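Comments concern the structure below.
The values are calculated or read from the model by the stated rules, or taken from the named source; none is laboratory data. Remember, predicted model here, so these are calculated numbers, not experimental data. Cβ placement follows ideal geometry from the backbone for every residue including glycine, while neighbour counts extend to all protein chains displayed. To get the accessible areas, we keep the full protein, side chains included, count just its heavy atoms, and leave off ligands, DNA and RNA. Shrake-Rupley method; radii C 1.70, N 1.55, O 1.52, S 1.80 Å.
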Amino acid sequence: MDLVAGEAPAILMAIGLDDLASLDDQGRFTAHLALGSGLDPTWLDLFAEAVRNVTGNDNPVDFIDARLEIDGPDDGDDRTIERVDPTWVTTVARIPEHDLGAIAGRWIELVEDELGGLPREEKPWIRDLAGRLVTFCQAADRAPDVLFAWSLR
C-alpha cells in the first residue's frame with residue numbers, strides 16, 4: 001500500500017512498470033508514503049475517526065469515502081489505484097502537532113476495538129505512522145494528484 005503525490009500519469013506509469021522504488025524520487029513525485037502490506041486500508045478509516053474524536057470536527061471523512069477508483073495501468077491485475085479527495089489530504093495536513101499524540105492513542109484504541117489487543121511493540125509503530133501520515137499530507141497538500149495504490153498480493 002502506497003500513498004503518492006504528484007502528477008497522476010507519472011504515478012500510474014511508475015506503478016504500471018512496477019517501479020515502486022522510483023516513487024521515492026522527489027524530483028518526480030511530491031511525496032510518497034509506503035504503508036506496507038501489513039496494514040489494512042480500513043485502518044485509515046480508523047485514523048480518520050480518531051482525528052474526528054480528538055478534534056471534535058466532522059472531518060476528515062472516513063478514508064473509504066475519500067477515495068475514487070481510477071483505471072490503473074493494467075485493469076486485469078489485482079492492484080487497485082484510487083484518487084484521494086484533496087479535502088481529506090488538506091484536513092490531515094492541518095492537524096495541529098499538539099493533537100497528534102492524542103490522535104495516535106485514540107487510533108490505537110480503535111484498532112484494538114476492531115482487531116483485539118495489539119502487542120506492545122506494535123504501538124510505537126502506529127504512533128510513528130500517525131505522524132508520517134500528517135507529514136505526507138503536508139507535503140502532498142499542493143500536489144496536483146494524490147493516489148492510493150494497494151494490492152491483495
Quick check, is GLU82 in contact (Cβ under 8 Å) with a residue 12 or more places away in the chain, among the charged types (D, E, K, R) and open to solvent by less than 20 Å² (accessible area, probe 1.4 Å)? yes
Could you please let me know if GLY101 is at pLDDT 95 or above and open to solvent by less than 70 Å² (accessible area, probe 1.4 Å)? yes
Failed condition for ILE126, given (1) within 22 Å of ASP85 (Cα to Cα); (2) within 14 Å of the chain's Cα centre (by Cα): (1)
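Let's see how each residue does on (1) under 14 Å from the mean Cα position of the chain (by Cα); (2) at pLDDT below 95; (3) farther than 20 Å from HIS32 by Cα:
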{"site": "ASP45", "(1), (2), (3)": "yes, no, no"}
{"site": "ALA48", "(1), (2), (3)": "yes, no, no"}
{"site": "VAL54", "(1), (2), (3)": "no, no, yes"}
{"site": "THR87", "(1), (2), (3)": "yes, no, no"}
{"site": "THR90", "(1), (2), (3)": "yes, no, no"}
{"site": "GLY116", "(1), (2), (3)": "no, yes, yes"}
{"site": "ARG132", "(1), (2), (3)": "yes, no, no"}
{"site": "CYS137", "(1), (2), (3)": "yes, no, no"}
